[in-house]
1. Test Asn489 against the stated conditions and say whether it is in a loop (DSSP other than H, G, I, E, B), modelled with pLDDT under 85 and either among the β-branched types (Val, Ile, Thr) or exposed (fewer than 11 other Cβ atoms within 10 Å of the Cβ) (or both).
2. Please find, among Ser336, Ser364, the residue that is surrounded by 14 or more Cβ atoms within 10 Å (Cβ to Cβ), assigned by TED's automatic domain parsing to the domain that holds Ile229, in a helix (DSSP H, G or I) and not acidic (Asp, Glu).
3. Just for segment 187-213: of the residues that are within 19 Å of Lys314 (Cα to Cα) and free of Cβ contacts under 8 Å to residues at least 24 places away in the same chain, which one is farthest from the chain's Cα centre (by Cα)?
4. Take segment 492-513 and flag every residue that is modelled with pLDDT of 70 or more and part of a helix (DSSP H, G or I).
5. Just name the residue that is nearest to Ile289 (Cα to Cα) out of those in segment 218-237 that are among the β-branched types (Val, Ile, Thr) and assigned to a helix (DSSP H, G or I).
6. For segment 316-331, how many residues meet the condition of being crowded, with 18+ Cβ neighbours inside 10 Å and more than 11 Å from the chain's Cα centre (by Cα)?
7. Could you look through segment 386-400, keep only residues that are part of a helix (DSSP H, G or I) and at pLDDT below 90, and pick out the one that is nearest to Gln473 (Cα to Cα)?
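The values are calculated or read from the model by the stated rules, or taken from the named source; none is laboratory data. Treat the numbers as computed from the prediction; the structure is a model and nothing was measured. All Cβ positions, even for glycine, are placed from backbone atoms using ideal geometry, and neighbour counts span all protein chains on display.
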Amino acid sequence: MNPEHLFQAIGCLACSSLFLHLISARNFLPYEEVGLLGTLFWYIHSWLNFVARASLLGTVAVVGAETYKRNVVTNFLAISQGNLKQYLTKMLAVANACSIIRFIMPGPVTSFSFFYKLSLITSLSALGATLIQDGGAGAKVLISPIRRRLGLKKKDNRSGDLQEDVLMRSDSITSTPPSKRQLTAMELLQTETTYIRNLKIIIEVYKQPLERAVEDKDPILAAEDIKNIFNGISDILSVHSEIHQELSNVISDWDEDCCIASIITKYQGQLTKAYPPYVNFFDMGKDLILKQQKSNQKFSEFLINCFNNPLCLKQPLDALMIRPVQRLPSMSLLISDMQRRTPEELRDHKELEKAKESLKQVLSHINEDKRKTEGKLKIFDIIYEVESCPAEIVSSNRSFVARTNVTSLNEGLYRVGDRLALYLLTDMIEVSKFKHSPGTVLLKHIRMLPLSDIKLVIDIEDSDESVNMFAIQLVDELSAKSTNCQHHNPNMDKLCVCQVLDDRIYKQDFLKKLEAQILVQRSKGDDEAVLRKMDHTEVQPMLKRGGSRIFKKGRGKAKRD
(Lines give C-alpha, C1' and ligand atoms only; values in the text may rest on other atoms or scores of the structure.)
Protein backbone atom coordinates (compact mmCIF):
# COMPACT_ATOMS: atom_id res chain seq x y z
CA MET A 1 0.00 0.00 0.00
CA ASN A 2 1.18 3.52 -0.75
CA PRO A 3 2.35 5.13 2.55
CA GLU A 4 0.56 8.37 1.66
CA HIS A 5 -2.73 6.52 1.22
CA LEU A 6 -2.09 4.68 4.47
CA PHE A 7 -1.74 7.91 6.44
CA GLN A 8 -4.83 9.34 4.76
CA ALA A 9 -6.78 6.25 5.78
CA ILE A 10 -5.48 6.54 9.34
CA GLY A 11 -6.55 10.17 9.49
CA CYS A 12 -10.04 9.39 8.24
CA LEU A 13 -10.31 6.48 10.65
CA ALA A 14 -9.18 8.69 13.55
CA CYS A 15 -11.83 11.33 12.78
CA SER A 16 -14.52 8.70 12.35
CA SER A 17 -13.44 7.02 15.56
CA LEU A 18 -13.60 10.27 17.48
CA PHE A 19 -17.10 11.01 16.20
CA LEU A 20 -18.40 7.48 16.74
CA HIS A 21 -16.90 7.19 20.17
CA LEU A 22 -18.42 10.50 21.26
CA ILE A 23 -21.86 9.09 20.60
CA SER A 24 -21.16 5.71 22.14
CA ALA A 25 -19.50 3.92 25.00
CA ARG A 26 -21.40 5.71 27.77
CA ASN A 27 -20.42 9.21 26.68
CA PHE A 28 -23.70 10.68 25.42
CA LEU A 29 -25.84 7.57 25.15
CA PRO A 30 -26.47 4.94 27.82
CA TYR A 31 -24.60 1.67 27.25
CA GLU A 32 -27.82 -0.25 26.59
CA GLU A 33 -28.79 2.20 23.81
CA VAL A 34 -25.49 2.19 21.98
CA GLY A 35 -26.78 -0.17 19.33
CA LEU A 36 -24.97 -1.95 16.50
CA LEU A 37 -22.83 1.03 15.47
CA GLY A 38 -21.38 1.51 18.93
CA THR A 39 -20.75 -2.21 19.30
CA LEU A 40 -18.92 -2.32 15.96
CA PHE A 41 -16.74 0.58 16.96
CA TRP A 42 -15.96 -1.08 20.27
CA TYR A 43 -14.54 -4.03 18.32
CA ILE A 44 -12.42 -1.66 16.21
CA HIS A 45 -11.22 0.01 19.40
CA SER A 46 -10.25 -3.38 20.86
CA TRP A 47 -8.43 -4.57 17.72
CA LEU A 48 -6.39 -1.39 17.53
CA ASN A 49 -5.39 -2.00 21.12
CA PHE A 50 -4.38 -5.59 20.27
CA VAL A 51 -2.35 -4.63 17.17
CA ALA A 52 -0.52 -1.89 19.06
CA ARG A 53 0.48 -4.23 21.87
CA ALA A 54 1.37 -7.12 19.55
CA SER A 55 3.55 -4.89 17.35
CA LEU A 56 5.38 -3.46 20.34
CA LEU A 57 5.91 -6.88 21.91
CA GLY A 58 7.02 -8.32 18.53
CA THR A 59 9.56 -5.54 18.07
CA VAL A 60 10.90 -6.02 21.59
CA ALA A 61 11.17 -9.78 20.98
CA VAL A 62 13.08 -9.33 17.70
CA VAL A 63 15.48 -6.79 19.22
CA GLY A 64 16.01 -8.99 22.27
CA ALA A 65 16.69 -12.09 20.15
CA GLU A 66 19.20 -10.22 17.97
CA THR A 67 20.91 -8.82 21.06
CA TYR A 68 21.17 -12.25 22.68
CA LYS A 69 22.43 -14.05 19.56
CA ARG A 70 23.42 -12.22 16.41
CA ASN A 71 21.75 -13.26 13.14
CA VAL A 72 19.33 -15.63 14.87
CA VAL A 73 16.34 -13.71 13.49
CA THR A 74 17.66 -13.29 9.97
CA ASN A 75 18.51 -16.98 9.78
CA PHE A 76 14.95 -18.12 10.60
CA LEU A 77 12.67 -15.31 9.40
CA ALA A 78 11.87 -15.01 5.70
CA ILE A 79 13.13 -11.41 5.43
CA SER A 80 16.00 -9.91 3.53
CA GLN A 81 19.31 -10.01 5.32
CA GLY A 82 20.04 -6.33 4.76
CA ASN A 83 16.58 -5.05 5.73
CA LEU A 84 16.20 -6.06 9.37
CA LYS A 85 16.34 -2.45 10.57
CA GLN A 86 13.72 -1.42 8.04
CA TYR A 87 11.63 -4.41 9.13
CA LEU A 88 11.78 -3.22 12.74
CA THR A 89 11.03 0.33 11.61
CA LYS A 90 7.82 -0.77 9.95
CA MET A 91 6.74 -2.75 13.00
CA LEU A 92 7.33 0.28 15.20
CA ALA A 93 5.46 2.50 12.75
CA VAL A 94 2.41 0.19 12.93
CA ALA A 95 2.54 0.13 16.73
CA ASN A 96 2.92 3.88 16.83
CA ALA A 97 -0.03 4.53 14.49
CA CYS A 98 -2.32 2.17 16.40
CA SER A 99 -1.31 3.70 19.74
CA ILE A 100 -2.01 7.23 18.49
CA ILE A 101 -5.47 6.31 17.15
CA ARG A 102 -6.33 4.42 20.31
CA PHE A 103 -5.02 7.20 22.51
CA ILE A 104 -7.02 10.03 20.91
CA MET A 105 -10.30 8.18 21.33
CA PRO A 106 -12.26 9.40 24.34
CA GLY A 107 -13.92 6.72 26.34
CA PRO A 108 -12.92 3.84 28.58
CA VAL A 109 -9.19 4.42 28.32
CA THR A 110 -8.57 6.14 31.63
CA SER A 111 -7.50 3.02 33.48
CA PHE A 112 -4.79 2.39 30.85
CA SER A 113 -3.88 6.01 30.06
CA PHE A 114 -0.42 5.64 31.59
CA PHE A 115 0.31 2.55 29.47
CA TYR A 116 -0.77 4.27 26.25
CA LYS A 117 1.18 7.41 27.00
CA LEU A 118 4.26 5.31 27.78
CA SER A 119 3.82 3.16 24.66
CA LEU A 120 3.40 6.29 22.53
CA ILE A 121 6.60 7.86 23.86
CA THR A 122 8.49 4.55 23.57
CA SER A 123 7.31 4.00 19.99
CA LEU A 124 8.25 7.50 18.88
CA SER A 125 11.69 7.28 20.52
CA ALA A 126 12.44 3.82 19.10
CA LEU A 127 11.19 4.84 15.66
CA GLY A 128 13.40 7.93 15.59
CA ALA A 129 16.46 6.05 16.85
CA THR A 130 16.00 3.32 14.23
CA LEU A 131 15.63 5.83 11.40
CA ILE A 132 18.78 7.67 12.50
CA GLN A 133 20.80 4.47 12.88
CA ASP A 134 19.56 3.20 9.51
CA GLY A 135 20.85 6.35 7.85
CA GLY A 136 17.39 7.46 6.75
CA ALA A 137 16.65 4.28 4.78
CA GLY A 138 13.33 3.75 6.54
CA ALA A 139 12.41 7.40 6.06
CA LYS A 140 12.54 6.92 2.28
CA VAL A 141 9.22 5.12 2.50
CA LEU A 142 7.66 8.15 4.19
CA ILE A 143 9.15 10.97 2.10
CA SER A 144 9.20 9.42 -1.37
CA PRO A 145 5.53 10.29 -2.14
CA ILE A 146 6.17 13.91 -1.15
CA ARG A 147 9.27 14.11 -3.33
CA ARG A 148 7.43 12.50 -6.19
CA ARG A 149 4.53 14.96 -5.92
CA LEU A 150 6.88 17.96 -5.84
CA GLY A 151 8.99 16.64 -8.75
CA LEU A 152 12.19 16.68 -6.67
CA LYS A 153 15.23 14.61 -7.66
CA LYS A 154 17.20 12.51 -5.31
CA LYS A 155 20.60 14.02 -4.54
CA ASP A 156 22.17 10.90 -3.11
CA ASN A 157 23.60 9.01 -6.07
CA ARG A 158 25.25 6.15 -4.22
CA SER A 159 25.90 3.26 -6.57
CA GLY A 160 24.47 0.74 -4.11
CA ASP A 161 20.88 2.09 -4.49
CA LEU A 162 18.79 2.18 -7.61
CA GLN A 163 17.91 5.79 -8.32
CA GLU A 164 14.37 6.49 -7.14
CA ASP A 165 13.93 9.44 -9.45
CA VAL A 166 14.82 7.09 -12.36
CA LEU A 167 12.18 4.57 -11.36
CA MET A 168 9.52 7.22 -10.75
CA ARG A 169 10.32 9.63 -13.56
CA SER A 170 7.41 8.43 -15.72
CA ASP A 171 5.03 9.44 -12.89
CA SER A 172 6.64 12.81 -12.07
CA ILE A 173 7.39 14.03 -15.61
CA THR A 174 4.83 12.52 -17.94
CA SER A 175 1.83 10.26 -17.81
CA THR A 176 2.79 8.40 -21.01
CA PRO A 177 4.29 4.92 -20.55
CA PRO A 178 8.06 4.56 -21.15
CA SER A 179 9.23 3.43 -24.57
CA LYS A 180 10.91 0.08 -25.15
CA ARG A 181 14.20 1.91 -25.64
CA GLN A 182 13.74 3.65 -22.28
CA LEU A 183 12.87 0.37 -20.55
CA THR A 184 16.03 -1.24 -21.93
CA ALA A 185 18.09 1.70 -20.68
CA MET A 186 16.49 1.30 -17.24
CA GLU A 187 17.32 -2.43 -17.31
CA LEU A 188 20.93 -1.59 -18.18
CA LEU A 189 21.10 0.76 -15.19
CA GLN A 190 19.39 -1.72 -12.86
CA THR A 191 21.75 -4.58 -13.80
CA GLU A 192 24.70 -2.22 -13.41
CA THR A 193 23.45 -1.31 -9.92
CA THR A 194 23.16 -4.98 -8.97
CA TYR A 195 26.60 -5.70 -10.40
CA ILE A 196 28.22 -2.90 -8.37
CA ARG A 197 26.47 -4.16 -5.23
CA ASN A 198 27.95 -7.62 -5.83
CA LEU A 199 31.43 -6.18 -6.39
CA LYS A 200 31.16 -4.30 -3.10
CA ILE A 201 30.15 -7.50 -1.32
CA ILE A 202 33.26 -9.25 -2.69
CA ILE A 203 35.51 -6.44 -1.50
CA GLU A 204 33.89 -5.46 1.81
CA VAL A 205 32.70 -8.85 3.07
CA TYR A 206 35.43 -11.16 1.73
CA LYS A 207 38.57 -9.36 0.50
CA GLN A 208 39.10 -6.66 3.11
CA PRO A 209 38.62 -8.95 6.17
CA LEU A 210 41.17 -11.37 4.72
CA GLU A 211 43.65 -8.51 4.20
CA ARG A 212 43.07 -7.20 7.73
CA ALA A 213 43.74 -10.67 9.12
CA VAL A 214 47.14 -10.64 7.36
CA GLU A 215 47.91 -7.19 8.79
CA ASP A 216 46.94 -8.40 12.28
CA LYS A 217 49.43 -11.28 12.00
CA ASP A 218 46.60 -13.84 12.14
CA PRO A 219 46.26 -14.72 8.44
CA ILE A 220 43.42 -16.83 7.15
CA LEU A 221 45.02 -16.98 3.68
CA ALA A 222 48.50 -16.03 2.54
CA ALA A 223 48.81 -12.54 1.07
CA GLU A 224 49.84 -13.99 -2.29
CA ASP A 225 46.75 -16.20 -2.39
CA ILE A 226 44.50 -13.23 -1.62
CA LYS A 227 46.11 -11.31 -4.47
CA ASN A 228 45.62 -14.21 -6.91
CA ILE A 229 41.94 -14.57 -5.97
CA PHE A 230 40.91 -10.90 -5.98
CA ASN A 231 43.44 -9.41 -8.40
CA GLY A 232 41.95 -6.42 -10.27
CA ILE A 233 38.51 -6.48 -8.61
CA SER A 234 38.92 -2.96 -7.17
CA ASP A 235 39.79 -1.49 -10.58
CA ILE A 236 36.69 -3.13 -12.08
CA LEU A 237 34.52 -1.59 -9.36
CA SER A 238 36.06 1.83 -9.97
CA VAL A 239 35.34 1.94 -13.71
CA HIS A 240 31.82 0.53 -13.36
CA SER A 241 31.01 3.07 -10.65
CA GLU A 242 31.83 5.83 -13.13
CA ILE A 243 29.72 4.16 -15.82
CA HIS A 244 26.84 3.81 -13.35
CA GLN A 245 27.06 7.49 -12.40
CA GLU A 246 26.84 8.66 -16.01
CA LEU A 247 24.02 6.24 -16.81
CA SER A 248 22.08 7.53 -13.80
CA ASN A 249 22.50 11.13 -14.91
CA VAL A 250 21.33 10.41 -18.47
CA ILE A 251 18.37 8.21 -17.54
CA SER A 252 17.12 10.50 -14.74
CA ASP A 253 16.76 13.30 -17.33
CA TRP A 254 15.52 10.96 -20.03
CA ASP A 255 15.14 12.15 -23.58
CA GLU A 256 14.50 9.77 -26.47
CA ASP A 257 17.32 11.46 -28.36
CA CYS A 258 19.88 10.99 -25.56
CA CYS A 259 23.05 9.03 -26.30
CA ILE A 260 23.64 5.93 -24.17
CA ALA A 261 26.27 4.48 -26.51
CA SER A 262 28.77 7.30 -25.91
CA ILE A 263 29.10 6.20 -22.26
CA ILE A 264 30.18 2.70 -23.30
CA THR A 265 32.64 3.86 -25.97
CA LYS A 266 34.07 6.46 -23.57
CA TYR A 267 35.16 3.79 -21.09
CA GLN A 268 36.48 1.25 -23.62
CA GLY A 269 40.10 1.90 -22.68
CA GLN A 270 39.49 1.62 -18.95
CA LEU A 271 37.53 -1.61 -19.37
CA THR A 272 40.35 -3.03 -21.50
CA LYS A 273 42.85 -2.33 -18.70
CA ALA A 274 40.67 -3.31 -15.74
CA TYR A 275 39.42 -6.78 -16.72
CA PRO A 276 42.49 -8.81 -17.90
CA PRO A 277 44.24 -8.97 -14.47
CA TYR A 278 41.08 -10.51 -13.00
CA VAL A 279 40.02 -12.75 -15.87
CA ASN A 280 43.55 -14.10 -16.47
CA PHE A 281 43.73 -15.56 -12.97
CA PHE A 282 40.04 -16.37 -12.53
CA ASP A 283 40.47 -20.14 -13.04
CA MET A 284 43.49 -20.19 -10.74
CA GLY A 285 41.57 -18.24 -8.09
CA LYS A 286 38.57 -20.56 -8.36
CA ASP A 287 40.76 -23.65 -7.94
CA LEU A 288 42.57 -21.97 -5.06
CA ILE A 289 39.29 -21.28 -3.23
CA LEU A 290 38.18 -24.91 -3.58
CA LYS A 291 41.57 -26.21 -2.47
CA GLN A 292 41.76 -23.94 0.58
CA GLN A 293 38.15 -24.65 1.48
CA LYS A 294 38.96 -28.36 1.75
CA SER A 295 42.35 -28.10 3.46
CA ASN A 296 42.07 -24.88 5.50
CA GLN A 297 39.55 -25.17 8.32
CA LYS A 298 40.00 -21.53 9.26
CA PHE A 299 39.17 -20.38 5.73
CA SER A 300 36.18 -22.72 5.56
CA GLU A 301 34.75 -21.21 8.75
CA PHE A 302 35.45 -17.72 7.38
CA LEU A 303 33.37 -18.46 4.27
CA ILE A 304 30.47 -19.72 6.41
CA ASN A 305 30.54 -16.59 8.58
CA CYS A 306 30.64 -14.36 5.50
CA PHE A 307 27.72 -16.24 3.97
CA ASN A 308 25.66 -15.59 7.13
CA ASN A 309 26.62 -11.92 7.16
CA PRO A 310 23.48 -9.82 6.40
CA LEU A 311 25.51 -7.69 3.96
CA CYS A 312 26.31 -10.79 1.89
CA LEU A 313 22.65 -11.45 0.98
CA LYS A 314 23.24 -15.23 1.18
CA GLN A 315 25.61 -15.26 -1.80
CA PRO A 316 28.61 -17.65 -1.67
CA LEU A 317 32.00 -16.42 -2.80
CA ASP A 318 32.30 -18.69 -5.84
CA ALA A 319 28.94 -17.43 -7.18
CA LEU A 320 30.01 -13.81 -6.71
CA MET A 321 33.43 -14.30 -8.32
CA ILE A 322 31.98 -15.35 -11.67
CA ARG A 323 29.93 -12.14 -12.04
CA PRO A 324 32.81 -10.06 -13.53
CA VAL A 325 33.36 -12.76 -16.16
CA GLN A 326 29.68 -12.59 -17.15
CA ARG A 327 29.15 -8.81 -17.00
CA LEU A 328 30.60 -7.61 -20.32
CA PRO A 329 28.78 -10.25 -22.44
CA SER A 330 25.59 -9.31 -20.60
CA MET A 331 26.15 -5.62 -21.34
CA SER A 332 26.76 -6.45 -25.00
CA LEU A 333 23.39 -8.23 -25.21
CA LEU A 334 21.59 -5.28 -23.61
CA ILE A 335 23.26 -2.84 -26.02
CA SER A 336 22.12 -5.03 -28.94
CA ASP A 337 18.56 -5.03 -27.57
CA MET A 338 18.65 -1.26 -27.20
CA GLN A 339 19.84 -0.83 -30.79
CA ARG A 340 16.93 -2.95 -32.06
CA ARG A 341 14.53 -0.77 -30.06
CA THR A 342 16.09 2.54 -31.15
CA PRO A 343 14.55 4.17 -34.26
CA GLU A 344 17.03 4.59 -37.10
CA GLU A 345 16.43 8.34 -37.27
CA LEU A 346 17.91 8.80 -33.78
CA ARG A 347 21.64 9.48 -33.64
CA ASP A 348 22.10 6.86 -30.95
CA HIS A 349 21.18 4.08 -33.41
CA LYS A 350 24.55 4.30 -35.22
CA GLU A 351 26.41 5.08 -32.02
CA LEU A 352 25.09 1.87 -30.44
CA GLU A 353 26.71 -0.09 -33.28
CA LYS A 354 30.02 1.53 -32.29
CA ALA A 355 29.35 0.64 -28.66
CA LYS A 356 28.78 -3.01 -29.64
CA GLU A 357 32.05 -2.99 -31.55
CA SER A 358 33.82 -1.42 -28.57
CA LEU A 359 32.61 -4.16 -26.24
CA LYS A 360 33.55 -6.76 -28.83
CA GLN A 361 37.09 -5.39 -28.99
CA VAL A 362 37.32 -5.36 -25.20
CA LEU A 363 36.20 -9.00 -25.01
CA SER A 364 38.58 -9.97 -27.81
CA HIS A 365 41.48 -8.30 -26.01
CA ILE A 366 40.56 -10.01 -22.74
CA ASN A 367 40.40 -13.45 -24.39
CA GLU A 368 43.69 -12.93 -26.22
CA ASP A 369 45.41 -11.69 -23.09
CA LYS A 370 44.05 -14.65 -21.14
CA ARG A 371 45.34 -17.04 -23.81
CA LYS A 372 48.81 -15.50 -23.62
CA THR A 373 48.86 -15.58 -19.83
CA GLU A 374 47.81 -19.22 -19.75
CA GLY A 375 50.51 -19.97 -22.33
CA LYS A 376 53.19 -18.41 -20.14
CA LEU A 377 51.98 -20.28 -17.06
CA LYS A 378 51.92 -23.56 -19.01
CA ILE A 379 55.68 -23.34 -19.56
CA PHE A 380 56.19 -23.77 -15.82
CA ASP A 381 54.06 -26.93 -16.02
CA ILE A 382 56.36 -28.25 -18.75
CA ILE A 383 59.35 -27.95 -16.40
CA TYR A 384 57.56 -30.15 -13.86
CA GLU A 385 56.24 -32.58 -16.47
CA VAL A 386 59.53 -33.14 -18.32
CA GLU A 387 62.59 -34.56 -16.60
CA SER A 388 65.84 -32.63 -17.25
CA CYS A 389 63.99 -29.85 -19.06
CA PRO A 390 66.40 -26.88 -19.44
CA ALA A 391 65.59 -23.89 -17.26
CA GLU A 392 66.19 -21.52 -20.19
CA ILE A 393 62.90 -22.69 -21.65
CA VAL A 394 61.28 -20.11 -19.35
CA SER A 395 61.35 -16.70 -21.03
CA SER A 396 59.19 -13.59 -20.85
CA ASN A 397 58.90 -13.64 -24.67
CA ARG A 398 57.88 -17.30 -24.90
CA SER A 399 54.54 -18.97 -24.26
CA PHE A 400 52.89 -22.33 -24.81
CA VAL A 401 50.79 -22.85 -27.96
CA ALA A 402 49.88 -26.54 -28.33
CA ARG A 403 50.96 -30.11 -27.60
CA THR A 404 50.61 -33.41 -29.43
CA ASN A 405 51.83 -36.97 -28.81
CA VAL A 406 53.46 -38.78 -31.76
CA THR A 407 55.38 -41.86 -32.75
CA SER A 408 58.69 -41.27 -34.50
CA LEU A 409 58.77 -43.12 -37.86
CA ASN A 410 62.39 -42.30 -38.73
CA GLU A 411 65.43 -41.00 -36.93
CA GLY A 412 64.87 -37.33 -37.75
CA LEU A 413 63.72 -36.40 -34.24
CA TYR A 414 64.62 -39.52 -32.27
CA ARG A 415 64.81 -43.29 -32.52
CA VAL A 416 62.34 -45.13 -34.72
CA GLY A 417 59.21 -46.31 -32.90
CA ASP A 418 59.61 -44.18 -29.76
CA ARG A 419 56.66 -42.21 -28.43
CA LEU A 420 57.35 -38.49 -28.21
CA ALA A 421 55.57 -35.44 -26.79
CA LEU A 422 55.94 -32.30 -28.90
CA TYR A 423 55.34 -29.03 -27.01
CA LEU A 424 54.85 -26.22 -29.52
CA LEU A 425 55.99 -22.89 -28.06
CA THR A 426 55.98 -19.51 -29.77
CA ASP A 427 59.58 -19.85 -31.04
CA MET A 428 60.55 -23.52 -30.58
CA ILE A 429 59.41 -27.11 -30.08
CA GLU A 430 60.29 -28.97 -26.91
CA VAL A 431 60.82 -32.63 -27.89
CA SER A 432 60.40 -35.12 -25.03
CA LYS A 433 60.13 -38.89 -24.98
CA PHE A 434 57.93 -41.12 -22.86
CA LYS A 435 60.05 -43.04 -20.34
CA HIS A 436 59.90 -46.84 -20.45
CA SER A 437 59.92 -47.03 -16.63
CA PRO A 438 58.15 -43.86 -15.52
CA GLY A 439 58.34 -42.76 -11.91
CA THR A 440 56.78 -39.53 -10.77
CA VAL A 441 57.64 -37.98 -14.17
CA LEU A 442 56.46 -39.57 -17.44
CA LEU A 443 58.63 -37.61 -19.89
CA LYS A 444 62.32 -36.97 -20.44
CA HIS A 445 63.84 -34.06 -22.34
CA ILE A 446 65.40 -34.89 -25.75
CA ARG A 447 66.01 -31.58 -27.52
CA MET A 448 64.74 -28.07 -28.14
CA LEU A 449 64.04 -27.48 -31.83
CA PRO A 450 63.99 -23.79 -32.89
CA LEU A 451 61.21 -22.98 -35.34
CA SER A 452 63.71 -21.06 -37.45
CA ASP A 453 65.33 -24.43 -38.29
CA ILE A 454 62.09 -25.79 -39.81
CA LYS A 455 62.01 -25.29 -43.54
CA LEU A 456 58.75 -27.03 -44.39
CA VAL A 457 55.79 -28.72 -42.68
CA ILE A 458 54.25 -31.57 -44.68
CA ASP A 459 50.75 -32.90 -44.18
CA ILE A 460 50.86 -36.53 -45.37
CA GLU A 461 47.51 -37.54 -46.83
CA ASP A 462 45.78 -40.49 -45.20
CA SER A 463 45.55 -43.81 -47.00
CA ASP A 464 44.82 -47.44 -46.25
CA GLU A 465 48.48 -47.94 -45.39
CA SER A 466 49.02 -44.74 -43.38
CA VAL A 467 46.91 -42.49 -41.20
CA ASN A 468 47.44 -39.34 -39.17
CA MET A 469 51.02 -38.69 -40.34
CA PHE A 470 53.03 -35.53 -40.96
CA ALA A 471 56.66 -34.59 -41.53
CA ILE A 472 58.96 -31.70 -40.66
CA GLN A 473 61.72 -30.76 -43.09
CA LEU A 474 64.72 -29.22 -41.36
CA VAL A 475 67.47 -27.09 -42.83
CA ASP A 476 70.38 -29.22 -44.06
CA GLU A 477 72.92 -28.27 -41.38
CA LEU A 478 70.66 -29.14 -38.45
CA SER A 479 69.32 -32.33 -40.01
CA ALA A 480 72.86 -33.64 -40.48
CA LYS A 481 73.53 -33.11 -36.76
CA SER A 482 70.21 -34.49 -35.58
CA THR A 483 70.68 -38.10 -36.77
CA ASN A 484 72.22 -40.82 -34.59
CA CYS A 485 72.31 -43.43 -37.35
CA GLN A 486 75.71 -45.00 -38.09
CA HIS A 487 74.90 -45.19 -41.85
CA HIS A 488 74.13 -41.52 -42.29
CA ASN A 489 72.34 -40.49 -45.49
CA PRO A 490 71.69 -36.70 -45.61
CA ASN A 491 69.00 -37.09 -48.30
CA MET A 492 66.92 -39.33 -46.06
CA ASP A 493 67.10 -37.53 -42.70
CA LYS A 494 66.01 -34.09 -43.96
CA LEU A 495 62.45 -35.20 -43.11
CA CYS A 496 61.35 -36.00 -39.57
CA VAL A 497 58.31 -38.22 -40.07
CA CYS A 498 55.82 -38.65 -37.22
CA GLN A 499 52.47 -40.30 -36.66
CA VAL A 500 50.03 -38.46 -34.37
CA LEU A 501 48.59 -40.72 -31.69
CA ASP A 502 45.53 -38.53 -31.10
CA ASP A 503 42.50 -38.24 -33.34
CA ARG A 504 43.21 -36.80 -36.80
CA ILE A 505 41.44 -33.51 -36.03
CA TYR A 506 44.24 -32.76 -33.56
CA LYS A 507 46.80 -33.22 -36.32
CA GLN A 508 45.20 -30.56 -38.48
CA ASP A 509 44.92 -28.16 -35.55
CA PHE A 510 48.55 -28.73 -34.52
CA LEU A 511 49.88 -28.24 -38.06
CA LYS A 512 47.95 -24.98 -38.54
CA LYS A 513 49.31 -23.58 -35.29
CA LEU A 514 52.83 -24.76 -36.19
CA GLU A 515 52.58 -23.02 -39.57
CA ALA A 516 51.37 -19.79 -37.97
CA GLN A 517 54.24 -19.69 -35.46
CA ILE A 518 56.86 -20.40 -38.16
CA LEU A 519 55.53 -17.52 -40.25
CA VAL A 520 55.83 -15.21 -37.24
CA GLN A 521 59.49 -16.21 -36.77
CA ARG A 522 60.41 -15.72 -40.41
CA SER A 523 62.02 -12.50 -41.58
CA LYS A 524 60.07 -10.00 -43.67
CA GLY A 525 60.10 -10.73 -47.36
CA ASP A 526 60.28 -14.51 -46.93
CA ASP A 527 56.99 -15.55 -48.56
CA GLU A 528 57.91 -19.20 -49.17
CA ALA A 529 55.08 -21.59 -48.33
CA VAL A 530 55.39 -23.41 -45.01
CA LEU A 531 52.64 -26.06 -45.14
CA ARG A 532 52.00 -28.34 -48.08
CA LYS A 533 50.42 -31.71 -48.64
CA MET A 534 52.25 -34.84 -49.79
CA ASP A 535 51.08 -38.26 -50.93
CA HIS A 536 52.13 -41.15 -48.70
CA THR A 537 53.92 -42.84 -51.61
CA GLU A 538 56.41 -39.96 -51.74
CA VAL A 539 57.34 -40.39 -48.11
CA GLN A 540 57.70 -44.19 -47.88
CA PRO A 541 61.08 -44.40 -49.71
CA MET A 542 62.55 -41.84 -47.31
CA LEU A 543 61.92 -43.96 -44.21
CA LYS A 544 64.43 -46.25 -42.54
CA ARG A 545 63.73 -49.91 -42.59
CA GLY A 546 62.21 -49.89 -39.09
CA GLY A 547 60.10 -46.89 -39.92
CA SER A 548 58.86 -48.54 -43.10
CA ARG A 549 57.39 -51.43 -41.12
CA ILE A 550 55.53 -49.01 -38.87
CA PHE A 551 54.41 -47.11 -41.94
CA LYS A 552 52.74 -50.19 -43.42
CA LYS A 553 50.95 -50.86 -40.14
CA GLY A 554 50.11 -47.25 -39.47
CA ARG A 555 46.37 -47.66 -39.10
CA GLY A 556 46.62 -50.57 -36.71
CA LYS A 557 49.29 -48.78 -34.66
CA ALA A 558 47.11 -45.69 -34.33
CA LYS A 559 44.17 -47.74 -33.14
CA ARG A 560 46.19 -49.64 -30.56
CA ASP A 561 47.62 -46.43 -29.07
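1. Criteria not met by Asn489.
2. Exactly one of Ser336, Ser364 is surrounded by 14 or more Cβ atoms within 10 Å (Cβ to Cβ), assigned by TED's automatic domain parsing to the domain that holds Ile229, in a helix (DSSP H, G or I) and not acidic (Asp, Glu), namely Ser336.
3. The qualifying residue farthest from the chain's Cα centre (by Cα) is Gln208.
4. Tyr506, Lys507, Gln508, Asp509, Phe510, Leu511, Lys512, Lys513, listed by residue number.
5. Once the filter is applied, the top-ranked residue is Ile229.
6. Total meeting the criteria: 1.
7. Looking at the filtered set, the residue picked out is Glu392.
Per-residue answers, yes or no, for (1) buried (at least 18 other Cβ atoms within 10 Å of the Cβ); (2) in contact (Cβ under 8 Å) with a residue 40 or more places away in the chain; (3) of a type outside the set (A, V, I, L, M, F, W, C); (4) in contact with a helix residue (DSSP H, G or I) (Cβ under 6 Å, 6 or more places away or on another chain):
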{"site": "Asp348", "(1), (2), (3), (4)": "yes, yes, yes, yes"}
{"site": "Ala355", "(1), (2), (3), (4)": "yes, yes, no, yes"}
{"site": "Gly375", "(1), (2), (3), (4)": "no, yes, yes, no"}
{"site": "Ile382", "(1), (2), (3), (4)": "yes, yes, no, no"}
{"site": "Pro390", "(1), (2), (3), (4)": "no, yes, yes, no"}
